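Single-structure report; data block below.
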Amino acid sequence: MDQPSAPGRPGQQALFGWSDDDAGPGPSAFAGSPQARRLLDVREVYAEPAALDSPRGRQILAGLPGVRVTEVPSHWRIPSLHGNDGNVARWVRVKTETLVLGVKRILETRPNGRSADWIAPGPSNGCAMACAYCYVPRRKGYANPITLFTNIEAITAHIRRHVRAQGPKPEPNQCDPHAWVYDIGENGDCSVDALICANTADLIAAFRTLPTAKASFATKFVNPDLLALDPQGRTRVRFSLMPPDDARLLDIRTSPIADRIAAAPDFLDAGYEVHFNLSPVVLRPGWQRDWADLLTHLDDVLPARVKEQAAAEVIMLTHNEQLHEVNLGWHPRAEDLLWQPAAQETKRSQNGALNVRYSQDVKRNALTRLRQLLAAHAPWLHIRYAF
């Protein structure tokens, strides 16, 4: 059923501002900026009843006065979104104007061993950005706006219990030499979520009090509001990078590559550990030259303090036939790069999904070449793992 508009003055105020009597943080200059509004200008909210009744749900709606709210039984079952193939043509508009609020009912932390030791239950699913290769919409049908989980207290309590049950990390590994690393943003972008609510801030605050663990999330969006969250070295931000020409075609609605790189010193100085994801590596004519240029730029502009603590993950492109078909409906030019049947083969991923990846020989040769480029142009950038 439809709900009354969220409380507040008629007409939409500064994007996701907080009123004085909210329990959340004060209004943010960036979250109310034109740049943020271009990414998120929410005009419709679908919400589970329990999410509407939660403190976090009420905080979010307080920042969206006048926005239409429709109750739904499940954040996964919204026929007008996930079952409507007409949304393909509105892919970006849906991401801009639609928000879903739900409750994360299954709280589980599962082992990873690649980027992180553990994958924590995330505070969101979906994203306002529109990267053409993103794996999340493969499971969500014809629309992939942000779904925020409002039971953040239960999520953070679960993580605290899990961390304490592990005890100290017994030995170093590729994830971290000392701390258990928990990925808190597997299915969303925590930097974008922070434009809407305090879920990201709550998680960062929780890890400040967990000396045996650290949070980790990858991002393609520079949100300066995160600089005020005081992570005290217990959160790792991984800025995802690729050659700028690739990003302009594939990383739709994200921060420019140069901005992500330029943000690294500020985030380090604010108390974050700063790593990089070289991801995804897309093979096409000229890819080696363009990656060499990107690595040279990193070496030229990053200060020594960033280089001394930096590490990288290298992730080759993974694609999917269903996502390929969706992309053909809204961004077919991207598929000229992403869909290369002659160089790709079908493979079942760790999570059971059937995807398309570069064939073993193609991938092996490309990774060898990329390691050579790193050694030549950014020898300080340690590769934690390549996949």
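Computed quantities for the displayed model
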quantity: Apportionment of accessible area to carbon and sulfur, the chain, percent (1.4 Å); calculated: 52 percent
quantity: Share antiparallel - DSSP beta bridges, the stretch 254-379, percent rounded to 5; calculated: 65 percent
quantity: Residues whose placed amide H lies under 5 Å from that of V282, excluding near-sequence neighbours; calculated: none
quantity: Sorted peptide list for 304-310, 58-64, criterion being average Cβ within 10 angstrom, highest first; calculated: 58-64, 304-310
quantity: Listed peptides 314-321, 166-173, 147-154, 340-347 by packing density, highest first (mean Cβ within 10 Å); calculated: 147-154, 314-321, 340-347, 166-173
quantity: Test item: Cα-centred dipole of the stretch 53-196, Lys/Arg +1 and Asp/Glu -1 on Cβ, debye; calculated: 280 debye
quantity: 5 angstrom amide H check on A386, placed H, neighbours 5+ away; calculated: V314
quantity: Interchain or long-range residues, amide H under 5 Å from C131's placed H; calculated: I252
quantity: For the stretch 185-198, Karplus couplings with θ = phi - 60° (6.51, -1.76, 1.60), whole Hz, Gly/Pro x; calculated: x, 4, 10, x, 10, 4, 5, 6, 3, 5, 6, 9, 7, 8
quantity: Estimated dipole of the chain in Debye, rounded to 20 [Cβ of Lys and Arg +1, of Asp and Glu -1, Cα centre]; calculated: 700 debye
quantity: Degrees separating the helix 257-269 axis from the principal Cα axis of the chain, which is the longest one; calculated: 80 degrees
quantity: Options P332, A205, L64, ranked by Cα towards positive dipole end of the chain, top entry (Cβ charges); calculated: P332
quantity: Charge dipole (debye, nearest 20) of the stretch 206-342; +1 at Cβ of Lys and Arg, -1 at Cβ of Asp and Glu; calculated: 360 debye
quantity: DSSP-defined beta bridges in the chain - what % are antiparallel, rounded to 5; calculated: 30 percent
quantity: [x] 32, 25, 20; [y] 34, 30, 17; [z] 52, 19, 18, with the label sought being that of the calculated semi-axes √(5λ) of the Cα gyration tensor in Å; calculated: [x]
quantity: Phi-based couplings in Hz for the stretch 54-60 (Karplus 6.51, -1.76, 1.60; Gly and Pro marked x); calculated: 7, x, 5, x, 5, 4, 4
quantity: Residue-normalised accessible area of the chain, expressed per residue, 1.4 Å probe, Å²; calculated: 41 Å²
quantity: On Cα atoms only, tilt of 152-166 relative to the major axis of the chain in degrees; calculated: 40 degrees
quantity: In Hz, Karplus ³J(HN,Hα) per residue of the stretch 312-323 (6.51, -1.76, 1.60; θ = phi - 60°; x = Gly, Pro); calculated: 9, 10, 10, 10, 6, 4, 10, 10, 7, 5, 5, 5
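The values are calculated or read from the model by the stated rules, or taken from the named source; none is laboratory data. Note that the structure is predicted; figures quoted are calculated from it, not measured. Reconstructed Cβ throughout: ideal geometry from the backbone, glycine too, with neighbour counts over all protein chains shown. Please note that ligands, DNA and RNA were not included when accessible areas were found on the heavy atoms of the full protein model with its side chains. Shrake-Rupley method; radii C 1.70, N 1.55, O 1.52, S 1.80 Å.
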